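Colleague: One structure follows; several queries about it will come next.
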Amino acid sequence: MKKRFRKNNVKRGVSPLIATILLVGFTVSIVTLTILWSSGYVQERAQKEDKLAEARLNCENIKFTVIEAYQSGSELFMTLENQAITKIDAFILRIYGDTGEVEAVDLRQNLKELETKKVNLGTADFDVGVVQTITTVDIIPQIKAGKATYVPCSGKHIETRMTR
């Protein structure tokens, strides 16, 4: 038995013209949203890179020295002197022990322009159990490039031996 379809029972779809207009409109809106989002992202990224590059350039102006460094019991004492007009915002300390152990410490103390400061590190700052007898300390200055973002100036590091 053949079924006959009547014209009245056939449902019609959306006309091709309306479908094309809807697809073009949807595509244009997606492209517009993508362009707006990416332009803001690119500008934000460029600003961050600019601040990082500026901090890296400021690394060239850093000049500091260690006047004295010694260990007393479980504490490390250092006197640092900034010999330039560039502020040093923080330091990374690599503390080497007599048996080859290494302890890395982030020292979030700044050293203003032409300032001399005595720094005291105790058991709260580094693990005395790992490094009991300190032989040398590698000091890497850092410059702040943004909120909680520091750029290490590895080329300006100083390695100092304990004096006492």
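The values are calculated or read from the model by the stated rules, or taken from the named source; none is laboratory data. This is a predicted model, so every value here is computed, not measured. Because the Cβ atoms are built from the backbone with ideal geometry, glycine has one as well, and the counts that use them run over all protein chains shown.
Colleague: Filtering the stretch 48-93 down to residues that are modelled with pLDDT of 85 or more and hydroxyl-bearing (S, T, Y), which residue is surrounded by the most Cβ atoms within 10 Å (Cβ to Cβ)?
Modeller: Result: T86.
Colleague: Can you name every residue in the stretch 108-141 that is farther than 11 Å from L93 by Cβ, not basic (K, R) and not in a loop (DSSP other than H, G, I, E, B)?
Modeller: Matches in the stretch 108-141: L111, T116, N120, T135.
Colleague: Could you please find all residues in the stretch 40-74 being under 16 Å from A84 (Cα atoms) and of a type in the set (S, T, N, Q)?
Modeller: If the condition is that a residue be under 16 Å from A84 (Cα atoms) and of a type in the set (S, T, N, Q), then N58, N61, T65 are the ones that fit.
Colleague: Oh, and also: When residues of the stretch 94-141 are filtered for being more than 17 Å from V66 (Cβ to Cβ), in contact with a Ser or Thr (Cβ under 6 Å, 6 or more places away or on another chain) and exposed (fewer than 14 other Cβ atoms within 10 Å of the Cβ), how many remain?
Modeller: Total meeting the criteria: 2.
Colleague: Let me ask something additional. Which one of T149, T133 is within 17 Å of M78 (Cα to Cα) and among the hydroxyl-bearing types (S, T, Y)?
Modeller: Details: T149 fails: within 17 Å of M78 (Cα to Cα).
From the options T149, T133, the qualifying one is T133.
Colleague: Pairs, please: C-beta under 9 Å, at least 6 apart or cross-chain, first residue in a helix (DSSP H, G or I) and in the stretch 39-68, second of a type in the set (S, T, Y)?
Modeller: K48/T149; K51/T149; L52/T149; A55/T149; A55/Y150; N58/T86; C59/T86; C59/S154
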